[in-house]
Amino acid sequence: MQLHSGNPTEFPSVYTLLQVRLLCLLKSGQDIADEELERLRSLHIPYANYISGIRLAWRQNNLRGALEKIGSAYDEFHTGEEADWQILQIAKRIEPSLFTPDRQEEGKRIPSALYMYWDNNPPPEIQNNFDLHSTLPGMPLKIFNKDEAQEWLYDIYGVEARNLFLQMRHPAEAADFLRLHVTQTLGGWWLDADLRVSGSVALKKMISEPAQNAFFLTDNGMVHNDFYGTVPNSEIVSDALLSVYRNCYLFPNLYIAFKTGPGPLTRALNRTAHKSLNGLRPTQTIAIYDQHDFKKIIEEFDTPYKHSLPNWQNV
């Protein structure tokens, strides 16, 4: 901050640096000076609201007041940045009030269907994983490859969706783009090709899931997009798709996790909590589980291809 010229075209901006400084102070267990917070407010009101809300949650345990202060400040950040993680953690702590509808639709459950993707020529360990999941009783499996995916997107969502899919920089980004469209149209469970359902008990939990939208959070508070389940026309996935298209048009080179990965789903849950706080409750039930629950259902396995193919984190 002291080295910054003050020029608004110099990045990172002064208010970004100040926001990071104040957040780091709060993380370290210290309080922040009101003068610095007011300086941030004079530079960027939403960032000041975000820091003020985090302060209320961490220092006073005033969770509802924190979300009211933060408002929709998350929209000043890219989807999936740390602000989304922190805000969702606060919202989840006052669950279920923010994620429970006034009245549940009866009889609408997550379809017992599983979807996976591999662009082409899966290596042996991935093909073995596909074979394993094709035998799960009561959970039909559909595997998309790149050609099938682009044709399906064209048929259901049109030429725009297909073109964006074909412009994805990495197969992981393409899978991100596809999964939201598939589950939004068909409903069911998405599972990444390098994960597997851990056994019959896990499968039973999936089939009997009472919520209409089931998401799992990582230890740092991001939504797992490598495994989740929804009904068709999910409110959460609909919102996430809006973020994905916005990111594709405005920020095509954005980090994949923010652009098409967990970021849009995390943002969608935050937007749901914000609307609920303002009296616009969700109409579908939403279950938000943690990493411990994720590990009880899903397990990773050795994938040698990751050591030879370009890693999506480097795109």
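Quick rundown of the values:
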item	result
Test: residue in the stretch 20-31 that is touching a Leu at 6+ places or on another chain (Cβ under 6 Å) and not assigned by TED's automatic domain parsing to the domain that holds residue 225	no
Residue in the stretch 86-95 that is of a type in the set (Val, Ile, Thr) and part of a helix (DSSP H, G or I) present	yes
Residue in the stretch 70-80 that is within 29 Å of residue 199 (Cβ to Cβ), in contact (Cβ under 8 Å) with a residue 12 or more places away in the chain and not aromatic (Phe, Trp, Tyr) present	no
Flag for residue 161 being surrounded by 15 or more Cβ atoms within 10 Å (Cβ to Cβ) and without any contact (Cβ under 8 Å) to a residue 24 or more places away in the chain	yes
Any hit, the stretch 101-124, residues being in a strand (DSSP E or B), in contact with a Gly (Cβ under 9 Å, 6 or more places away or on another chain) and either among the aromatic types (Phe, Trp, Tyr) or closer than 30 Å to residue 199 by Cα (or both)	yes
Test result for residue 118, in the same structural domain as residue 233 (by TED's automatic domain parsing) and at pLDDT 95 or above	yes
Some residue of the stretch 223-234 being of a type in the set (Ser, Thr, Tyr), under 24 Å from residue 167 (Cα atoms) and touching a helix residue (DSSP H, G or I) at 6+ places or on another chain (Cβ under 8 Å)	no
Residue within the stretch 271-283 that is modelled with pLDDT of 95 or more, assigned to a helix (DSSP H, G or I) and within 13 Å of the chain's Cα centre (by Cα) present	yes
Scan of the stretch 141-158 for residues that are surrounded by fewer than 13 Cβ atoms within 10 Å (Cβ to Cβ) and within 30 Å of residue 198 (Cα to Cα), ordered by number	147
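Every residue, every condition in (1) in the same structural domain as residue 64 (by TED's automatic domain parsing); (2) aliphatic (A, V, I, L, M); (3) closer than 22 Å to residue 126 by Cα, yes or no:
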{"site": "194", "(1), (2), (3)": "no, no, yes"}
{"site": "213", "(1), (2), (3)": "no, no, no"}
{"site": "229", "(1), (2), (3)": "no, no, yes"}
{"site": "234", "(1), (2), (3)": "no, no, no"}
{"site": "238", "(1), (2), (3)": "no, no, no"}
{"site": "241", "(1), (2), (3)": "no, yes, no"}
{"site": "258", "(1), (2), (3)": "no, no, no"}
{"site": "286", "(1), (2), (3)": "no, yes, no"}
{"site": "301", "(1), (2), (3)": "no, no, yes"}
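Residue-by-condition table, conditions (1) surrounded by fewer than 18 Cβ atoms within 10 Å (Cβ to Cβ); (2) touching a residue at least 40 places away in the same chain (Cβ under 8 Å); (3) of a type in the set (Lys, Arg):
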site: 36; (1), (2), (3): yes, no, no
site: 68; (1), (2), (3): yes, yes, no
site: 83; (1), (2), (3): no, no, no
site: 87; (1), (2), (3): no, yes, no
site: 99; (1), (2), (3): no, yes, no
site: 109; (1), (2), (3): yes, yes, yes
site: 117; (1), (2), (3): no, yes, no
site: 129; (1), (2), (3): no, yes, no
site: 139; (1), (2), (3): no, yes, no
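The values are calculated or read from the model by the stated rules, or taken from the named source; none is laboratory data. Quantities reported herein were computed from a predicted structural model and do not represent experimental measurements. Neighbour counts are summed over all protein chains in view; Cβ atoms, including those assigned to glycine, are modelled from backbone coordinates with ideal geometry.
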